[in-house]
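Beneath this line is the structure, given in C-alpha cells, with notes to follow.
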Amino acid sequence: MAGTWVGPMPPDQFLDDFFRPVLDVPDLPNDHFTTVLTKGLEKDMYQPFIKCAKGIIPSFKIINTAEHSDLNSTNGYKLKPDPTMYADTVDTMEKWTQFDKVKLNIEFKRNPLHNPFIDSGVPGFEAQSQNSHDTRSQLTHYTTEIFL
C-alpha cells in the first residue's frame, strides 16, 4: 500500500475541489471545538465533537458509530468507524453503521504517532511508523466498504 496515496494537497484546495459548497455556513468562534480537544481518550472525543458539529451542516446528522459494526460489511469485517455523517433521512435507529449510506467517516487519532500522513507538503508524505501504516489501512478498509 505504500506509495499508492495521491497528494499531498492543501486542505482548502481539497475542500474546494471535492466538496460542493454549503450555503449559509455559520460563522463559528475559533474555539468552537475546544471541548473536543480537552478529552484524554479518543473515544471520549466523539460525543463532544458530535455536539459541537450539530446544526453546522444542514440536512446531515453525525452519530457515534464506534461501538456498532456494519452487519453488511464484506468478508466478515466488523468495521466500527468513529463518528459517521449521514443524510438526515437515513434511519439509524437499528443499524447505526451503514457504509452504503455514509457521507463521511470521521477518524480520530489522539496520538501524533498515528497520523497517516506528514502535512509538510514534501514528497514522501506517508508517515512511516507502524501506527501510521495501521491508520492508512483502517482508512482503506472504510473507503472500500463505502464504494463497494
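The values are calculated or read from the model by the stated rules, or taken from the named source; none is laboratory data. Not measured: the values here are computed from a predicted model. Cβ coordinates were reconstructed from backbone atoms using ideal geometry, including for glycine residues, and neighbour counts include every protein chain displayed. Note: accessible area is taken over every heavy atom of the protein model, side chains too, but ligands, DNA and RNA are not part of it. Shrake-Rupley method; radii C 1.70, N 1.55, O 1.52, S 1.80 Å.
Some observations on this one:
- Restricting region 37-64 to residues that are part of a loop (DSSP other than H, G, I, E, B) and over 24 Å from P112 (Cβ atoms) leaves a set whose member that is most open to solvent (accessible area, probe 1.4 Å) is K54.
- Residues that are within 14 Å of T144 (Cβ to Cβ) and out of contact with any Leu (no Cβ under 9 Å at 6 or more places or on another chain), drawn from region 77-101: Y77, L79, P81
- Reported count of residues in region 80-116, each being free of Cβ contacts under 8 Å to residues at least 60 places away in the same chain, open to solvent by less than 60 Å² (accessible area, probe 1.4 Å) and in a loop (DSSP other than H, G, I, E, B), is 10.
- Residues satisfying the stated conditions in region 65-76, i.e. surrounded by 14 or more Cβ atoms within 10 Å (Cβ to Cβ) and not small (G, A, S): T65, H68, D70
- Within the span defined as region 12-22, every residue fails to be open to solvent by less than 60 Å² (accessible area, probe 1.4 Å) and not β-branched (V, I, T).
- Scanning region 126-135 for residues that are more than 12 Å from the chain's Cα centre (by Cα) and either in a helix (DSSP H, G or I) or among the polar types (S, T, N, Q) (or both) yields Q128, S129, Q130, N131, S132, H133, D134.
- When the residues of region 125-148 are filtered to those that are farther than 24 Å from F49 by Cα and open to solvent by 60 Å² or more (accessible area, probe 1.4 Å), the one that is modelled with the lowest pLDDT is L148.
- The set of residues from region 59-91 being of a type in the set (G, A, S) and in contact with a Ser or Thr (Cβ under 7 Å, 6 or more places away or on another chain) comprises S69, A87.
- Extreme residue, most open to solvent (accessible area, probe 1.4 Å), among residues of region 2-11 that are within 12 Å of F117 (Cα to Cα) and either under 18 Å from the mean Cα position of the chain (by Cα) or among the aromatic types (F, W, Y) (or both): V6
- For E126, the conditions (1) in contact with a strand residue (DSSP E or B) (Cβ under 8 Å, 6 or more places away or on another chain); (2) of a type in the set (D, E, K, R); (3) more than 21 Å from M9 (Cβ to Cβ) all hold with the exception of (3).
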